[in-house]
Structure formats: structure tokens, C-alpha cells
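The values are calculated or read from the model by the stated rules, or taken from the named source; none is laboratory data. For clarity, every value in this text was computed on a predicted model and none was experimentally measured. Cβ atoms come from the backbone with ideal geometry, glycine included; neighbour counts cover every protein chain shown. Heavy atoms of the whole protein, side chains included, go into the accessibility calculation; ligands, DNA and RNA do not. Shrake-Rupley method; radii C 1.70, N 1.55, O 1.52, S 1.80 Å.
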Amino acid sequence: MNRRNIGFVVIALTALAALVPFVDRHAELPIWQHHLLHAALMAGGGIAGILVSARPRSTSGGSAFWLLPATIAPLLAMLAMWPSAYGYFEMHPIGHAIEHFTLIALAFTATASAECYAAGLGWIVGGAMIFMAVAAARGFGVTFGNGS
């Protein structure tokens, strides 16, 4: 099985994971746990994007156009995880699944675009997206019970 086919398998498995809101309503997970779940979904989408678009390092770089989606997609992914929307998503599994698919698609787009621009750059962009989601789990939209 070649890299592209493995990428398609990864994206299919990640898409199945996006349907979790239909199987388990998350028992109203705290926001920080949502961020970690979303980081995992973005990891699947990002790895698939890299595998599907990867090319040999010996080839020359791609068009600078690819920098636009590689830069904008991570920003949109962080906006898609806005904590005030979680109340709605807990009550509407279809909306929650759409949010999951959006995060996967944005991670795929960001890493595939970065990889099209320069071989290996997709790993950096994907890693940064996952880091942002994990870092957000510690403080973005989280209220601590001790008043701090």
C-alpha cells in the first residue's frame, strides 16, 4: 500500500471518529477535554493531508499560492473551536459532527497545502495546529473552580 492509499485510510478512520457525537453524547465533556478530542481529530486530518500530498524531497518547491491555505486554515480551525459554541453542539449532534468534519478538513487543507509548498512543511504546520489545540485545553475558555 502506498503513502496516498494509507492517507485515504487515515482520513476514512478519522471521519468515522467524527461521528462520535451520534454514538456518545460526550456526557457533557468539559471544554478542555473537547480541545483534546479536537486535537486528535486534527491530527488524523493533518496526517492524511501529508500522506496524500507528500512528494519526494528532491522536487522543487511549489507555488507561493499554497501558503495562503496553509496559513488561513489553522486560524479557522481555532475559531471553529470557540468554547461558547459547545453548549449548542452538546444539544445538536449533527452540528457537533459538522464541527468535527470542519476541523478534520481544515487540518487536511493546512497540511496538504504546506506540503505542496515545500516537502516536510506539512509536519510543521500540522504540529503547530495540534499544539494550539492542546495548549488551548489548558486555558482557552476554561474556568477554574478556585477563582484563579
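Shown are 108, 22, 89, whose ranking by accessible area with a 1.4 Å probe and every protein chain present, most to least, is 22, 108, 89.
One quarter of the convex hull surface built on the alpha carbon atoms of region 3-136 amounts to 7.4 nm², the projected area averaged over directions. On region 3-136, 76 percent of the accessible area sits on carbon and sulfur atoms, based on a 1.4 Å probe. So what's the net charge close to residue 81: Lys and Arg +1, Asp and Glu -1, counting the other residues with Cβ under 15 Å from its Cβ? Residues near residue 81 contribute -1 overall.
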